[in-house]
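Participant: First, the structure itself, so that you have it in front of you.
The values are calculated or read from the model by the stated rules, or taken from the named source; none is laboratory data. All of these numbers come straight from a predicted model, not from anything done at the bench. Using ideal geometry, Cβ is built from the backbone for each residue, glycine included, and neighbour counts are taken over all protein chains shown. We work out accessible area using only protein heavy atoms, side chains counted, and drop any ligands, DNA or RNA first. Shrake-Rupley method; radii C 1.70, N 1.55, O 1.52, S 1.80 Å.
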Amino acid sequence: MKKTLFRAALLGISAALLAACPSKSVKKLPTIDQTVISGPDRPTGTPHPAGTTFTPGGNASYLAVPHSAMPQWNGQDFVKSLQSFKLGCDKLKNRQGWQDVCAQAAQTRLNQAAAKSFFERYFTPWQVSGNGSQAGTVTGYYEPVLHGDTVQTNKARFPIYGIPYDFVSVPLSSAQRNSKGIVRVRQTGQNSGVIAADGTHTANLSQFPITARSTSIKGRFVGNQFIPYHTRAQINAGALNGKAPILGYADDPVELFFMHIQGSGRLKTPKGEYVRLGFADKNEYSYVSIGRYMADRGYLTLGQTTMQGIKTYMQQNTHRLAEVLGQNPSYIFFRKLEGSSDQGPVGALGTPLMGEYAGAIDRHYITLGAPLFVATAHPITNKALNRLIMAQDTGSAIKGAVRVDYFWGYGDEAGNIAGKQKTNGYVWLLLPNGMAPEYRP
């Protein structure tokens, strides 16, 4: 799932977060396979001794600690954490170093004692530091539910686009990432191309929104050139009319905008049916905060630029819709997801996310799919929120070693909480015993 979530409220916590914060489940949890596979225990591996330090790069360091070092460890709902981990094992079980722990998870009974023992026997906790600090930032995201229809009506008027027919993604090497020169591009498929000496079109790399992390450029062929793809303002003005599949129509353009920011959502039709929508691709422009723009223009104070505050303002000032929404050039294209309506959105790992037990991380520092203990504050009650979640998603705005985007679930209640979350936090990465933390440039 690709997210670049706008955040608001500024809350803080101290380094020691000792009081547990019970959190009501926002929405129904994903369907979980309750099957337990019988078999002998898998090897637990040899843990790194507490006090072991790794500094693999990227100004990050990892300190091995006992499980008891994580605040309120004994008070965790280990059954739900195990359920979330088992969802991710659908992909993790094929990766080196994860086969035994996923096999053991499959044969671990879903009760508190067995689940707690599983995480303690098979994983080593590593407290993560970035740039010399153990403290970082925790934000929140959610899966929106849009009202609309699968056909255009007088009320459902705002299209939800799939990948456009003329949209082409071209891989970019690390060497090309730093180039501002002219390259040649050859089309290899309807939505794919490659930089090659025998390319039929020229592309000026200086015109594309390339960052230090870009792995591709997104564009379209016009004449003998390959140029950057349309921005949000251009698309909202009609640039895609007749040029992209339409998966459905939303009633509210602001709600649709926030679904773009979240990267996935559900479309609820008048018949009460749901269409699940997941991230397919993006135009590769960086996210720009419309909240900051509105504050700079004096439309709202900075403290009012919460998700709810922005929605209220835009409902009362519809004449500024095009102006404000167009400030964020980033645009997401979606795909329909299969599966039952109680499944969570599919994260970057490729498996469903479980509300309040999954999150997005920077995969340069955190192993995608790994258990992650987060100590932060609840954005509404300001009580300590200490939770063993799974690092099953990523986001282009989630950058840094101690940086987590906490998935709150789907629906309005989850959105209300997520829109207010921007809290200090601390992170422990749990890796299978014997596996060392890595930095992936």
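Participant: Quick one: of K180/K420; K243/K311; K155/K336; K243/K271; K271/K383; K86/K311, which pairs are farther than 31 Å apart, Cα to Cα?
Facilitator: Beyond 31 Å: K180/K420; K271/K383; K86/K311.
Participant: While we're looking at this one, here's another question. What relative contact order, as a whole-number percentage, does the chain give when Cα pairs under 8 Å and 6 or more residues apart are counted?
Facilitator: 29
Participant: Right, next: Limiting things to C-alpha atoms, what are the Rg and the maximum Cα-Cα separation (Dmax) for the chain, in angstroms?
Facilitator: According to the Cα coordinates of the chain, Rg and Dmax are 22.4, 66 Å.
Participant: Percent of accessible area on the chain owned by carbon and sulfur, 1.4 Å probe?
Facilitator: 49
Participant: Choose one of N191, Q421, I210: the residue whose Cα lies farthest towards the positive end of the charge dipole of the chain (beta-carbon charges +1 Lys, Arg; -1 Asp, Glu; about the Cα centre).
Facilitator: So the residue furthest toward the plus end is I210.
Participant: Give me P(r) over the stretch 165-229, computed from all C-alpha to C-alpha distances, binned every 5 Å, as integer percentages.
Facilitator: 4, 19, 35, 27, 11, 2
Participant: Place the peptides 123-135, 211-223, 346-358, 91-103 in order of packing, highest mean first, counting for every residue the other Cβ atoms within 10 Å and averaging per peptide.
Facilitator: Taking the mean over residues of other Cβ atoms within 10 Å, the ranking is 346-358, 123-135, 91-103, 211-223.
Participant: Each residue of the stretch 233-240 in turn: what ³J(HN,Hα) in whole Hz from Karplus with 6.51, -1.76, 1.60 and θ = phi - 60°, glycine and Pro shown as x?
Facilitator: 4, 5, 5, 4, 7, x, 4, 9
Participant: Would you mind getting me the FRET efficiency between S174 and R109? Use the beta-carbon distance for r and R0 = 41 Å, nearest 0.05.
Facilitator: 0.35
Participant: Across the stretch 428-441, in residue order, what do the Karplus-derived ³J(HN,Hα) couplings come to in whole Hz, using 6.51 cos²θ - 1.76 cosθ + 1.60 with θ = phi - 60° and x for Gly and Pro?
Facilitator: Per residue, the Karplus-derived 3J(HN,Hα) values read 10, 8, 9, 10, x, 3, x, 8, 9, x, 10, 10, 10, x Hz.
Participant: Among I182, H378, Y313, whose Cα lies farthest out toward the positive end of the dipole of the chain, if unit charges sit on the beta carbon of Lys, Arg (+1) and Asp, Glu (-1)?
Facilitator: Result: I182, furthest along the dipole toward the positive end.
Participant: What whole-number value in Å² describes the accessible area per residue of the stretch 165-229 for a 1.4 Å probe?
Facilitator: Ligands and nucleic acids excluded, the result is 51 Å² per residue.
Participant: Continuing with the same structure: DSSP loop trypsin sites (Lys or Arg not before Pro) in the stretch 250-341 with at most 15 other Cβ atoms within 10 Å of their Cβ, which ones?
Facilitator: Filter output for the stretch 250-341: K271.
Participant: If you don't mind, another one. Can you list residues whose amide H is under 5 Å from T200's amide H, if they're 5+ apart or on another chain and H is modeled 1.01 Å from N?
Facilitator: Here the answer is V185, R186, Q187, since their amide H atoms fall under 5 Å of that of T200.
Participant: Non-local amide H neighbours of G409 (under 5 Å, H modeled in plane, Pro and chain starts lacking H): which ones?
Facilitator: Residues meeting the amide H criterion: E143, E356.
Participant: Using R₀ = 56 Å, calculate the FRET efficiency as 1/(1 + (r/R₀)^6) where r is the Cβ-Cβ separation of N224 and Q315; round to 0.05.
Facilitator: For N224 and Q315, the calculated efficiency is 0.75.
Participant: Still on this structure: Contact order normalised by length for the stretch 165-229, with contacts defined as Cα pairs under 8 Å and 6 or more residues apart; what percent is it?
Facilitator: Relative contact order here is 37 percent.
Participant: Can you give the helix-only mean residue ellipticity at 222 nm for the chain, where every DSSP H stretch with n ≥ 4 adds -39500 (n - 2.57) and the sum goes over all residues, rounded to the nearest 500 deg cm²/dmol?
Facilitator: That comes out to -5000 deg cm²/dmol.
Participant: Which of N94, I163, S117 sits farthest toward the positive end of the charge dipole of the stretch 70-177, with +1 on the Cβ of Lys and Arg and -1 on the Cβ of Asp and Glu?
Facilitator: S117
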